[in-house]
Every structure is written in C-alpha cells, then in structure tokens.
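A.B. asks: Right, I'll just put the structure down here and ask away after.
The values are calculated or read from the model by the stated rules, or taken from the named source; none is laboratory data. Everything numeric in this text was worked out from a predicted model, so none of it was measured. All Cβ positions, even for glycine, are placed from backbone atoms using ideal geometry, and neighbour counts span all protein chains on display. Heavy atoms of the whole protein, side chains included, go into the accessibility calculation; ligands, DNA and RNA do not. Shrake-Rupley method; radii C 1.70, N 1.55, O 1.52, S 1.80 Å.
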Amino acid sequence: MNKKKLIIVATIAGLLGTTAAVEASGFMKKVNGFLRGDIDVTVDGKATSLEPVFINGQAYLPARAEAAALGYELHYNAKTKVLELTSKQDQPEEGEANLINVSGIIEDVRPAQDGSVQISVVGRGQNNWIVLTVDKETVLTNQEGKPFAAKDLKAGFELTAEYGPIVAMSYPGQSHAVKVVVGTERLVKEDVIQSVEKTSEGWQVKFGDAKETTLVLNSGKETTIRDTERQPIEWSALKAGMKVRAYYGPAMTKSLPPISPLQFLVVSEQAAALSPAQVTEYRELAWKQLSDDQKKHVVTKKDEAEVTIVPASDAALFPQDDKKKAYEDYVAKKGNVVLVTYKTDDDALLGPLTLGFSSDSKEYFGNRIRR
C-alpha cells in the first residue's frame, strides 16, 4: 500500500507549555519560548485555533494539533522516538486488513471438531478479553519464530496475537487469529485467597489452609488483575475468601512457603467461599455465642460445624432485638452473611441450629428460626 506519510525524528520529548523537558541523556536540551496568542495560524486560508510558540525567533506549533489541522493523524512511537503523521485521506487498499493486537495469557483452550482450537485470552491494557480461533490459516510460532503446534496450546502460556479484522459483537469478542506468538509458560493455581496484604513494595497474595501458608505471590508493575468479567479492578477489592486463578512464576524461591512473582490474577468467584482460616474463626465465634443449654443439645463437633457465606437477603435470619436495625441496613447495602450450622439431638423436632454473622465486621446478628 502506498501511504502518504510525513516522518519527523523527535529530538526532544515534546513541547510542554513554553519550556521543554530536560533529560541528561544528551538527546534533549532545555529551551525557553513565548506562546503567541496574538498571532493567527491559517491552513489553506482557513482559521485554526493553533497558537505558535516562538523560540529563538522561530515559530513552533504543537504537533498533534498541527497534524489534525493539516489533515493528518499523528502517532508517536516512544521506543523509536519517531513521530509519524499519516494522511487521513489514505485508506487501506482492497484486500488489506486492519488487524488488532493483543498481549496476554491463555486461560482456556477448547479443540473444535474441524481441527481448529479456540483459546480464551485475558489481555493486558485495554484489550481485556478475547476468544480467538487458531486454525491452519493461523501463523503459529514460538518466540524464536519456530512453528508451534496448536495441540500444545494450554492455559498458562503468555502470547501476543494479531486477529481480525472481523470481531463478533459479543462479550468476550470472538475473532480469527491471523498470527500467534507463544511466549513464557506460567504456573497456574486456582484456589481461595488466604490473605491479601499491602507491602512496601506492592501487594502480596497468600494461599494456604488454616494451619499454614503454602504459597506467596508478589505483585509488580507487570501484574494484571481482573474481576469475573475480566474488567480491571483495584487491589483493595481483593479479599480473603475470594476464589481466584493465579498465573505466576515459573521461577520460585526454595523457601517455605515458596515465593514467586505474580503475572495475572483473575477472580473466579467474588465471595462464594471462605478461606480455611476464616472458617476456623467463625466456628470459634459461633461456639462462644452458644449458651450452655444449647451446647448440651449440639451433636456436631466444635471444629466440624458447617460454615457457608450467602447474601444477607437470603440468610433468613431472625435478628436479636438490638440488632434489627443494623441487620436491615446490612441487607439494604447487599452485604453477605456467614452462617454457622450445628446439628442437634432435637433436629427432628426443631431443625438444625444456625447462627448468622456479618462477613464484614463479624458482628453477630441472630439465628435462623427453628421450626
């Protein structure tokens, strides 16, 4: 295709107000100028809103605004330090495709009957989630450019891909992969978070049971976290008890517990589970809440009580008199309730004994009504 292009090799990072940025690299130098709002700039006789900056007697215009006024689109490549202005009138020639790029990790692979493979990719940046079809038309290689077999694709492989130009209007979008480059294979762990902590160097996610931590994952600048819809979320939204899928390593320390860098974290269930440590904690809270008379009828062992978490609106609790208002407010804000259930020797007559607690504050609300 023959595109009309104007290439400008950047010698400074860009004009910032009336003073350019300064770096000690030698490629940039500090300059001072004057913004002249009293001077009009026209293009082909038409007025524009451009205001020139005069530096050492020469007039300079902001590149992006100037490009738009002249009918160009501006793209800046920070790696090569090249500003490229492309004519808006240039269109792809017939047969050319505008492909879309994605960089991410494979979370699922599904072979199809026609021999193709569908891969679900969680992406970095703006391209959150895409399902790509890899078939015999797809150029599939490793990072060294050697052919890679579609049958060897699996969850945990990082990749970069070009796809399109047609994308199905669904969520996630679906498209044909034109080119796929397979990168590092990460370790994959799907488990319930034991704890999430803010450290001086970032965030730390721990996994394990009530007795010990079995894996520690440390976040970095490269870490991507997504919710159940593969949308970006804040670290503060992650809580102990959430079921997640973590992609990490492959390098790990030989310490106990092992420590590894976290690459991707995708939430599987927002609040459908409790960590082993939390289960133990709520069992202790519930046991302390039982009266001596109630304990006489309980047949479930203290550390074997059933512990579940449900929306407060579905908990069917009968709150104590001094807890009614707090419980109504908690239901209204769509909180979750932790239920601890004991079997008793009078279940046939009254049913099991169930106590309810706030999953946020661990406040005791009351019991379920026994029939």
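A.B. asks: How much accessible area does ARG110 have with a 1.4 Å probe, in Å² rounded to the nearest 10?
C.D. replies: ARG110 exposes around 150 Å² with every protein chain in place.
A.B. asks: Give the carbon-plus-sulfur fraction of the accessible surface of segment 158-208 in %, rounded to a whole number; probe 1.4 Å, heavy atoms of protein chains only.
C.D. replies: Here carbon and sulfur together make up 51 percent of the probe-accessible area.
A.B. asks: Sticking with this structure for a sec: Rounded to the nearest whole Å², what accessible area per residue is found for segment 122-237 with the 1.4 Å probe?
C.D. replies: 55
A.B. asks: Now for a separate question. Could you size up the charge dipole of segment 289-371 around its Cα centre, putting +1 on the beta carbon of Lys and Arg and -1 on that of Asp and Glu, and report it in debye to the nearest 20?
C.D. replies: 100
A.B. asks: Given charges of +1 on the Cβ of Lys and Arg and -1 on the Cβ of Asp and Glu, with all other atoms neutral, how large is the dipole of segment 236-314 about its Cα centre, in debye to the nearest 20?
C.D. replies: That gives a dipole near 280 debye.
A.B. asks: Any idea of GLU306's accessible area? Nearest 10 Å², probe 1.4 Å.
C.D. replies: Counting only protein heavy atoms, the figure is 110 Å².
A.B. asks: Quick one, what does Rg over Rh come out to for segment 264-316 if you take C-alpha atoms and the Kirkwood Rh?
C.D. replies: In segment 264-316, Rg relative to Rh is 1.08.
A.B. asks: Write down the Kirkwood hydrodynamic radius of segment 300-344, to one decimal in angstroms, obtained as one divided by the mean of 1/r over all alpha carbon pairs.
C.D. replies: Evaluated on segment 300-344, it is 11.6 Å.
A.B. asks: Here is a further query. For segment 168-277, compute Rg over Rh where Rg is the Cα radius of gyration and Rh is the Kirkwood radius from the inverse mean 1/r over Cα pairs.
C.D. replies: We get a ratio of 1.01 for segment 168-277.
A.B. asks: Using a 1.4 Å probe and ignoring any ligands, DNA or RNA, find the accessible area of HIS297 and quote it in Å² to the nearest 10.
C.D. replies: 70
A.B. asks: Rounded to the nearest angstrom and ordered from largest down, what semi-axes does the equivalent ellipsoid of segment 106-212 get from its C-alpha gyration tensor (root of 5λ)?
C.D. replies: Its equivalent ellipsoid spans semi-axes of 31, 16, 14 Å.
A.B. asks: Any chance you could check the Cα centroid distance between segment 282-345 and segment 190-254 for me, in angstrom?
C.D. replies: Segment 282-345 and segment 190-254 have Cα centres spaced 29 Å from each other.
A.B. asks: Leaving ligands, DNA and RNA out of it, rank ASP191, ASP314 by accessible area with a 1.4 Å probe, largest first.
C.D. replies: Highest to lowest solvent-accessible surface, that is ASP314, ASP191.
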